[in-house]
Amino acid sequence: MNKHKQLSEIWKKNFGDEYTDRKLVVHKSEGTSREQFWHDLLSMVSGVKSVVEIGCNAGMNLEAIYKANQKLEITGVEPNKYALGKAIEISNGRYKVTDGNVFDLPPDLKADMIFTCTVLIHISPKDLMSAMHRIYDAANNVILIMEYYWPTLKEIEYRGLKSALWKQDYGATFLQNFDVELIETGYLDARDGFDRTTWWLFSKD
């Protein structure tokens, strides 16, 4: 399944809507739990003044970031229309949410920090480098990727779908292919409001 077909047939349709509804159910509890992570993470990158999340869904991370630092210029990018509408509603004008995806970012989209949270796991391995290039190009200084780790490439059936989720060492892949330095890495789980997620924080050289 190519990247455009994957977006249009999975995430832009009912499957993506249903994912959003599941996230909205836990938005309040998980979102509150995430605030400490974002407070700690942002303290590592004190020079960051603007943040973009690619694939923000209904904006759970955007809310936590806003509460961690209301002075930041915050933007979310989301391809699913239903999730986009929910994120705009939840934002209530406090930050920006716009239509788009990692392969079709607004041409003027730039930020001090660009991040993804369980987005790269849903991109076919043959399209992964293309997605990473777009993330790298959009970031002024800092890149954060938060994905499911596995030491080797491993496809996982995802809610009955094949070719929809892959685990691998996303941090090593980014470090080996881009001019970046690793600032810090860590692991998050339900205690932090996340679903067993490994994160890698990079600075652009």
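Numbers at a glance
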{"quantity": "Residues of the range 42-63 classified as modelled with pLDDT of 95 or more and surrounded by fewer than 23 Cβ atoms within 10 Å (Cβ to Cβ), total", "calculated": "7"}
{"quantity": "Any chance R159 is among the charged types (D, E, K, R) and closer than 30 Å to G47 by Cβ", "calculated": "no"}
{"quantity": "Filter result for D99 (in contact (Cβ under 8 Å) with a residue 12 or more places away in the chain, closer than 29 Å to L153 by Cα and more than 13 Å from the chain's Cα centre (by Cα))", "calculated": "no"}
{"quantity": "Hits in the range 121-140 (condition: among the aliphatic types (A, V, I, L, M) and either closer than 13 Å to E155 by Cα or outside any helix (DSSP H, G or I) (or both))", "calculated": "I121, I123, A139"}
{"quantity": "Residues of the range 64-103 satisfying the condition of being surrounded by fewer than 24 Cβ atoms within 10 Å (Cβ to Cβ), of a type outside the set (G, A, S) and part of a helix (DSSP H, G or I)", "calculated": "Y66, K67, K81, Y82, L84, K86, I88, E89, I90"}
{"quantity": "L7 assigned to a helix (DSSP H, G or I), surrounded by 13 or more Cβ atoms within 10 Å (Cβ to Cβ) and modelled with pLDDT of 70 or more", "calculated": "no"}
{"quantity": "Unmet criterion (only one of (1) at pLDDT below 95; (2) closer than 27 Å to E35 by Cβ; (3) surrounded by 14 or more Cβ atoms within 10 Å (Cβ to Cβ)) for A190", "calculated": "(3)"}
{"quantity": "Tally of residues being surrounded by 13 or more Cβ atoms within 10 Å (Cβ to Cβ) and either more than 19 Å from the chain's Cα centre (by Cα) or assigned to a loop (DSSP other than H, G, I, E, B) (or both) across the range 157-176", "calculated": "6"}
{"quantity": "Residue within the range 107-120 that is within 13 Å of the chain's Cα centre (by Cα), touching a residue at least 40 places away in the same chain (Cβ under 8 Å) and in a helix (DSSP H, G or I) present", "calculated": "yes"}
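The values are calculated or read from the model by the stated rules, or taken from the named source; none is laboratory data. These numbers were taken from a predicted model, which means no experiment stands behind them. No Cβ is skipped: glycine too gets one built from the backbone with ideal geometry, and neighbour counts run over all protein chains shown.
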